[in-house]
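Worksheet: one structure, shown below.
The values are calculated or read from the model by the stated rules, or taken from the named source; none is laboratory data. Computed from a predicted model, the values in this text were never measured in an experiment. Note that we place each Cβ from the backbone using ideal geometry, even for glycine, and neighbour counts take in every protein chain shown.
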Amino acid sequence: MQAAAVRSLCLSSMANSSPRPSSSREVDRFATEPPGEDVEYGFPAAFWRAVGKRRPPGLGRTRAWRSPLRGPWLTSIFGAVLLAMLPVVILTGLLDYIAYGPQFRQAFPVDVGWMHLPFFDWPTRPSWLFRLTEGLHVGLGLVMIPVVLAKLWSVVPKLFAWPPSRSIAQLLERLSLLLLVGGILFEIATGVLNIQYDYIFGFSFYRAHYVGAWVFIGAFVSHVVIKLPKMVRALRSRSLRVELRTTRADTRPEVVDSDLVPIAPAPATISRRGAIGLVGGGALLVAVLTAGQTIGGFTRSWALLLPRGRSYGDGPNDFQVNKTAVAAQITARDTGPAWRLTLLGGPRPVQLDRTQLRAMRQHAATLPIACVEGWSATQDWSGVRLRDLAAAAGVPAPESAMVESIDTGSFGRATLQANQVLDPDALLALRVNGTDLSLDHGFPARVIVPALPGVHCTKWVRSIEFRSR
Ligand SMILES: Nc1nc2c(c(=O)[nH]1)N[C@H]1C(S)=C(S)[C@@H](COP(=O)(O)O)O[C@H]1N2
Ligand SMILES: [Mo]
């Protein structure tokens, strides 16, 4: 059985003409380790050598994988693309955490102990800042999936290397690969499930995604430090321009000594440019099916991969609803004529009904709602400035403001920073696109603040407490 496999490998390699395995000891030639004693082992050498000699069946034959495309150059192409994308995904992810206001213990996860980041007040300008950081995080995170899969495909033989390592340093490096690969797959899986609203896991998404991110970041940084010189060398070993002109018929294995390069390559079923095109096309397809959720307009209907590519509402209120009034158990009684807005924090509470709010100075602003799940939608809002409400409450220069909703669910309250209350476009919105807010969009009143994460744009506001500290 095995002999037959070896024979067919030899035949196909002869058909391919290079490299030609020697007639003797073919089986050993596929092994990662040459059989001789010339292999270098680190401390304790005797141990590593003994491990190397006890090769379990099926392992250690990395070079028996037959795709002629596998090699350090192709792996490095995918690696370089990821090296460009991942820092953006990581940085925007960490920025999103800060945007949530960890100083008020309202960033998710709430309590990360020593793993928290230095806080700063999230700016309100430009108003599309959170739309950009969140859109990049979710969008690039999705677009990179085909590249991640291609990169893993390109190095999969290494998974079967034997001995698993030849020194303690190499063992640590390989363990870090476990965290690297496990980390990225975990972050992708939890991220995708979250934007699909699919909380099938029995743990907190936020905690898992955050802790997983740090595990991944650590492994990623060490991987880059270790592999960067190798990657640069590999990228220089072939010309991308030439590769993009090479047809399938002319596709040959890389001519370098590497675990990844097959000894007995099969004929190419796709050229390198074809493989790069396939992965690039896959990434582009994901981009097209995703970007609409934040670009909007006619592209929104292309966001097929995302459940909130759909819109809910009528006329001017026809844009995404995150949580409907029904889901939040908001009743007509809560929001009817008996509704009052209570302003707290001043000498005495102030109560306003909707007619009184409409009689105050109205301000209009075109601002996005940008949800952590990646979608965003820009609308024309109008209502009362939060700073006018602060003044009406008797706290003209608040340090923060706690907004509470009739909705007592987990997104039913949010604390705003001083700059988020005092920004001239920071609103308690009463109307959108020239008409009253619909119940689903937060009637009678909701918060809309430039660059504020969507989750803090509280709907069905009941009270605002302006705090002097
Ligand atoms: N009271 C309340 N306000 C809320 C929410 C909620 O669940 N309850 N969801 C928030 C989230 S996560 C987002 S993204 C925005 C979405 O606003 P929209 O449904 O009007 O599009 O509302 C925010 N305001
Ligand atoms: Mo959201």
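Residues in the range 416-469 that are charged (D, E, K, R) and touching a His at 6+ places or on another chain (Cβ under 9 Å) were compared, and the one that is farthest from ligand 1 (Cβ to nearest atom) is Asp425. When the range 320-334 is filtered for residues that are away from ligand 2 (no atom under 16 Å from the Cβ) and either of a type in the set (A, V, I, L, M) or buried (at least 21 other Cβ atoms within 10 Å of the Cβ) (or both), the ones remaining, listed by number, are Val326, Ile330, Ala332.
If you check Leu159, Leu149, Leu136, Leu178 for being crowded, with 20+ Cβ neighbours inside 10 Å, in contact with a helix residue (DSSP H, G or I) (Cβ under 9 Å, 6 or more places away or on another chain) and closer than 23 Å to Gly218 by Cβ, only one passes: Leu136.
The residues listed here are Pro316, Pro347; of these, the one that is in contact (Cβ under 8 Å) with a residue 40 or more places away in the chain, in contact with a Gly (Cβ under 7 Å, 6 or more places away or on another chain) and closer than 20 Å to Ala370 by Cα is Pro316. State all residues of the range 290-319 that are assigned to a helix (DSSP H, G or I) and within 16 Å of ligand 2 (Cβ to nearest atom); if no residue qualifies, say none. If the condition is that a residue be assigned to a helix (DSSP H, G or I) and within 16 Å of ligand 2 (Cβ to nearest atom), then Gln293, Thr294, Pro307, Arg308, Gly309 are the ones that fit. Being within 26 Å of Leu260 (Cβ to Cβ) and not acidic (Asp, Glu) is true for just one of Pro164, Pro109, Pro126. Which residue is that? From the options Pro164, Pro109, Pro126, the qualifying one is Pro164. For beta carbons closer than 7 Å, sequence separation of 6+ or different chains, a first residue in the range 422-441 that is farther than 20 Å from Asp388 by Cβ and a second that is within 16 Å of ligand 2 (Cβ to nearest atom) and at pLDDT 95 or above, the qualifying pairs are Asn433/Gln379; His441/Lys459. For beta carbons closer than 8 Å, sequence separation of 6+ or different chains, a first residue in the range 445-469 that is among the small types (Gly, Ala, Ser) and within 16 Å of ligand 2 (Cβ to nearest atom) and a second that is at pLDDT 95 or above and assigned to a loop (DSSP other than H, G, I, E, B), the qualifying pairs are Ala451/Trp122; Ala451/Pro123; Ala451/Thr124; Ala451/Arg125; Ala451/Pro126; Ala451/Ser127; Ala451/Trp128.
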